[in-house]
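Each value in this text was obtained by applying a stated rule to the coordinates, not by laboratory testing. Not measured: the values here are computed from a predicted model. Cβ: placed from backbone, ideal geometry, glycine included. Neighbour counts: every protein chain shown.
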Amino acid sequence: MTKTKTKKDKLSDKLFFSLKNCWEGIDTKTEKEIENLASSYKRFLDMGKTERECVDVICDLLEKNGFVNIETFNKTFKPGTKVYKNIRGKSVIAAVIGKKPAVEGCNILGAHLDSPRLDLKQNPLYEDSELALFDTHYYGGIKKYQWTTIPLAMHGVIVNEAGKKITIKIGEEPGDPVFTITDLLPHLAKEQMEKKASVAVEAEDLDILAGSRPYAAKSDSTDVKEVKEKVKLALLALLHEKYGIIERDFAGAEIEFVPAFKASDVGLDRSMIGAYGQDDRCCAWPALQAFLALANAVPEKTLVCYFSDKEEIGSAGNTGARSNNFENFMVLLCGGNEMALRQCFSRSSMLSSDVNAAFDPAYASVFDKKNASYIGKGIALSKYTGSGGKYGASDANAEFCAKVQAILNRNKVQWQFGALGKVDKGGGGTIALYAAHLGMDVLDCGVPILSMHSPFEVISKVDLYTTYRGYLAFLKEA
Ligand code: MN
Ligand code: MN
């Protein structure tokens, strides 16, 4: 009897690399899991709009899952021990000791918690034409014109002279006021509209509208009457009343302005999520979920989850991935032994869990269609990032790429390619090269995203879920 030729027997099906849309053929159970992950993720986005807020949420979850702050941990590490370190409230590293100790190599996920935004300058508050404004310095790579005429919220911390830390969050609760940056009306924008997009709105034009009502003295005191900037005075009086701060306290403060809107489903079919700060929280959240899902049983290898800060400005600074924080934590897992630490690194595997630029049909010309990642087609693997001849790329080795691909294939996790645009059209990087510097195997691997670094980035729910499953499989089997 001859067998009918099934689809699988076709030579092209056997040899070509092809991808399906991950929504195709999905069952009800999986659909529920996708929706559950999307819901918890949207809550995370709304609770964590700054790196500090994300760290608070993550540490809280770690504690609830039995993780102990390594600063207070005074026992010896044994299989199943769960510890974490909170680095200056802006970065976190957590670990579960496996049946094999850290020195034999760890499986690591590394994402970042900072996102592009507008930071206040050191002396930010001024008054012009009886309007009070905050002067900003943008953080990370933004298209400045995208940040005008949207509602903004004020988040951050001020530490006063007495050392008291004051947390500020205005514009998130229902009924809260918001802030905004004005833009020129089209009627008078003839000159502006002829400028290049990079200078149509300049960095020094990103000043935030903060008030317009002059200080009204309760009594007829002459010292207030003589003040020229009464609107500014009124705002300082409000801030002093509510937070006990004075103008010079801004000098060292960390105040970030971020979009005030909440995360939403996008599309009639609700297949996507739109929100601020998804680079890189859309990788941080599934990384944490995968890590926690494995933390309650003793894993084979020691598992580590790293959430860094300052990635958007080159990972420098004492909370960034280029600092010694990661080594300082890992050396404790290696019993304080420097040689064991070096061995641990050389035997470890890491996924640098960061977003990839999803193909956008509106801007097709800058993407390489054959090598780009696509919305709805799974977790994106980027062998290399960098720019202009792979400059600054970590460029994962073939052996490690094959190992990760095999793990994903085995677990039926659909993965796709993830090149950041056509060659010489630009470029970018992640924390992969700093991990590679320590001698470990590392590959960039995460969620494809539309409108990256804009106030409202978009991802697919099915990619978020596929990424979660990919991270889970990696932690288990790498
Ligand atoms: Mn990123
Ligand atoms: Mn980024």
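Which lysines have a Cα less than 20 Å from the Cα of LYS228, not counting those fewer than 8 places away in the same chain?
The reachable lysines, counting only those whose Cα sits under 20 Å from LYS228, are LYS218.
Explain nothing, just compute: Karplus ³J(HN,Hα) = 6.51 cos²θ - 1.76 cosθ + 1.60, θ = phi - 60°, for every residue of the stretch 263-273 in order, whole Hz, x for Gly and Pro.
So the Karplus estimates, Gly and Pro as x, are 5, 9, 6, 10, x, 4, 8, 6, 7, 10, 10 Hz.
Rounding to the nearest 20 debye, state how big the charge dipole of the stretch 216-336 is about its Cα centre with +1 on each Lys and Arg Cβ and -1 on each Asp and Glu Cβ.
Values: 13 positive and 18 negative charges, 41 e Å.
Computed about the Cα centre, the dipole is about 200 debye.
Contact order normalised by length for the chain, with contacts defined as Cα pairs under 8 Å and 6 or more residues apart; what percent is it? It would help to have the intermediate numbers written out before the result.
Numbers: 1006 pairs, mean separation 103.8, N = 478.
RCO, the chain: 22 percent.
Taking the simple approach of a point 7 Å from Cα along Cα-to-Cβ for both ALA189 and GLU226, what is their distance in nm?
According to this spin-label approximation, the distance is 4.5 nm.
Taking a threshold of 28 Å on the Cα-Cα distance, which of the pairs LYS383/LYS476; LYS310/LYS461; LYS100/LYS310; LYS370/LYS412; LYS169/LYS195; LYS90/LYS425 fall above it? Could you put the intermediate results ahead of the total?
Values: LYS383/LYS476 21 Å; LYS310/LYS461 26 Å; LYS100/LYS310 32 Å; LYS370/LYS412 22 Å; LYS169/LYS195 35 Å; LYS90/LYS425 33 Å.
Table pairs above 28 Å Cα-Cα are LYS100/LYS310; LYS169/LYS195; LYS90/LYS425.
Please report the spacing between the Cα centers of the stretch 327-376 and the stretch 140-186 in Å, no decimals.
First find each Cα centre; the distance between them is then 31 Å.
What's the ranking of 35-42, 456-463 by average number of surrounding C-beta atoms within 10 Å, highest first?
Details: 35-42: 17.1, 456-463: 25.6.
Sorting 35-42, 456-463 by mean packing, highest first, produces 456-463, 35-42.
Which peptide among 262-274, 424-436 comes first, and what is the full order, when sorted by highest mean count of other Cβ atoms within 10 Å? Working shown, then result.
On the way: 262-274: 15.7, 424-436: 20.3.
Descending packing order for the listed peptides: 424-436, 262-274.
Charges at C-beta only: +1 for Lys and Arg, -1 for Asp and Glu. How large is the resulting dipole of the chain about its Cα centre, in Debye rounded to 20? Before the final figure, lay out each step's value.
Working: 61 positive and 62 negative charges, 494 e Å.
Its charge dipole is roughly 2380 debye.
Normalised by the number of residues in the stretch 107-195, what is the relative contact order in percent for Cα pairs under 8 Å and 6+ residues apart?
Details: 93 pairs, mean separation 17.4, N = 89.
Relative CO of the stretch 107-195 lands at 20 percent.
Give the lysines whose C-alpha is closer than 18 Å to that of LYS10, dropping any in the same chain fewer than 8 places away, or say none.
Straight-line reach from LYS10, under 18 Å: LYS20.
Step through the residues of the stretch 439-448 one at a time and calculate ³J(HN,Hα) from phi using the Karplus curve (6.51 cos²θ - 1.76 cosθ + 1.60, θ = phi - 60°), rounding each to whole Hz and writing x for Gly and Pro.
Result, ordered by residue: x, 9, 7, 8, 9, 6, 7, x, 8, x Hz.
For the stretch 117-259, build the charge dipole from Cβ charges (+1 Lys, Arg; -1 Asp, Glu) around the Cα centre, then report which of TYR243, PRO174, TYR126 sits farthest towards its positive end.
PRO174
For n ≥ 4 DSSP H runs only, could you compute -39500 (n - 2.57) per run for the chain, divide by its residues and tell me the 222 nm figure to the nearest 500?
Details: 13 runs with 138 residues, N = 478.
Computed mean residue ellipticity for the chain: -8500 deg cm²/dmol.
Relative contact order of the stretch 43-107, please, whole-number percent, based on alpha carbon pairs below 8 angstrom and at least 6 residues apart.
On the way: 72 pairs, mean separation 17.8, N = 65.
Over the stretch 43-107, the number comes to 27 percent.
If you average the alpha carbon positions of the stretch 194-272 and of the stretch 287-307, how far apart do those two centres end up, in angstrom?
Here the two parts' Cα centres lie 41 Å apart.
Cα gyration tensor of the stretch 117-259, axes a ≥ b ≥ c as square roots of the eigenvalues: rounded (a/c below 1.5), prolate (a/b > b/c) or oblate? Could you put the intermediate results ahead of the total?
Numbers: a/c = 2.12, a/b = 1.41, b/c = 1.50.
Oblate shape, in that a/c is at least 1.5 and b/c is the bigger or equal ratio.
How would you rank TRP285, TRP23, TRP415, going from fewest to most other Cβ atoms within 10 Å of each one's own Cβ? Walk me through the numbers before you get to the answer.
Values: TRP285 29, TRP23 16, TRP415 21.
Going from least to most buried by this count: TRP23, TRP415, TRP285.
If you rank GLU104, GLU172 by fewest surrounding Cβ atoms within 10 Å, what's the result?
On the way: GLU104 15, GLU172 18.
With the fewest neighbours first, GLU104, GLU172 line up as GLU104, GLU172.
Only loop residues by DSSP count here, and only those with at most 11 other Cβ atoms within 10 Å; note down the trypsin sites (Lys or Arg not before Pro) in the stretch 173-231 that meet that. Let's see the in-between values first.
Working: sites: LYS190, LYS195, LYS196, LYS218, LYS225, LYS228, LYS230; in loops: LYS195, LYS196, LYS218, LYS228.
Those that pass, being in a loop and sparsely packed, are LYS196, LYS218, LYS228.
Kyte-Doolittle mean at least -0.5 and Cα extent at least 15 Å along the axis: which DSSP H helices of the chain qualify?
Numbers: long enough: 28-47 (29 Å, -0.97); 51-64 (20 Å, -0.03); 230-243 (19 Å, 0.51); 278-295 (25 Å, 0.40); 398-410 (18 Å, 0.33); 461-477 (24 Å, -0.28).
Result, helices passing both filters: 51-64, 230-243, 278-295, 398-410, 461-477.
Over the residues of the chain, compute the C-alpha Rg and express it relative to 2.2 N^0.38 Å.
On the way: Rg = 24.6 Å, N = 478, 2.2 N^0.38 = 22.9 Å.
That works out to 1.07 for the chain.
Tell me, what HN-Hα J-couplings in whole Hz come from the Karplus equation 6.51 cos²θ - 1.76 cosθ + 1.60 at θ = phi - 60° for each residue of the stretch 385-395, using x for Gly and Pro?
10, x, 7, x, x, 6, 4, x, 8, 8, 6
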